[in-house]
Amino acid sequence: MMSPEPERGIQEKDERVEKLLEELVDEVESLKSGMTREKIPDKLGWDDVTQELIGAVTFALPFLFTGELWDVAKDISIERSLTIFIMTLGIAYLFLTKSRIGNIRKEELFHIPKRLFTVAGISYTASALLIYLYGINSVAHFNTVQYLNATVLISTFAVIGAITVDMVK
């Protein structure tokens with residue numbers, strides 16, 4: 001006669017295998033949902049604006065205190081400063097639209113990426129305020145044009161920092 005013991009052992013093994021399979025299926029499903037969430041492009045929000053501000057200030061501060069930059073700001077013309085301004089915005093535009101570093105949603109205002117507006121606004125405002133707050137304009141004896149030149153020069157680095165911190169998460 002056959003003993004029922006071997007069948008009971010097989011049943012217990014089958015139940016354990018089924019339980020393990022269910023756990024694996026649940027884990028695979030949670031991984032799939034996590035991957036689809038990661039693929040959704042990031043919409044511009046307050047977290048991005050905060051990251052841009054942190055990046056702009058962090059990259060601008062070291063250049064704010066260099067005497068060589070103050071001398072360049074005093075020596076260049078407003079036309080050169082405007083050219084640097086346009087080049088900086090052009091590079092920022094290319095970085096935001098053509099690089100595939102960040103997973104950002106394509107949001108535009110007047111066919112210009114919204115992030116370019118926020119990056120530029122934050123970077124140039126932060127640079128101008130930092131120059132004023134630290135009294136660099138008084139120490140370097142800037143007139144209005146030189147103050148604008150210094151803002152443009154420091155903002156070149158602030159723009160790069162704002163984009164970098166915003167895109168790399």
Check: Mind listing P(r) for segment 50-93? All alpha-carbon pairs, 10 Å bins, whole percents.
Finding: 23, 43, 32, 2
Notebook entry, point to check: Per-residue HN-Hα couplings for segment 128-134, Karplus 6.51 cos²θ - 1.76 cosθ + 1.60 at θ = phi - 60°, whole Hz, x for Gly and Pro?
Noted result: 4, 5, 5, 4, 5, 4, 7
Check: Expressed in whole Å with the largest first, what are the equivalent ellipsoid semi-axes of segment 48-169 derived from the C-alpha gyration tensor as the square root of 5 times each eigenvalue?
Finding: 27, 15, 11
Item checked: For segment 138-144, 3J(HN,Hα) per residue [Karplus equation, 6.51 cos²θ - 1.76 cosθ + 1.60, θ = phi - 60°, Hz, x = Gly/Pro] -> 6, 5, 8, 6, 7, 8, 4
Check: For segment 46-168, what % of the accessible area comes from carbon and sulfur atoms, probe 1.4 Å?
Finding: 69
Item checked: Under the Karplus curve 6.51 cos²θ - 1.76 cosθ + 1.60, θ = phi - 60°, whole-Hz ³J(HN,Hα) for segment 72-80, x wherever Gly or Pro sits -> 5, 4, 6, 8, 7, 7, 5, 5, 5
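The values are calculated or read from the model by the stated rules, or taken from the named source; none is laboratory data. Worth saying up front: this structure is predicted, and the values here are computed from it rather than measured. Surface accessibility is based on the protein's heavy atoms, side chains included, excluding ligands, DNA and RNA. Shrake-Rupley method; radii C 1.70, N 1.55, O 1.52, S 1.80 Å.
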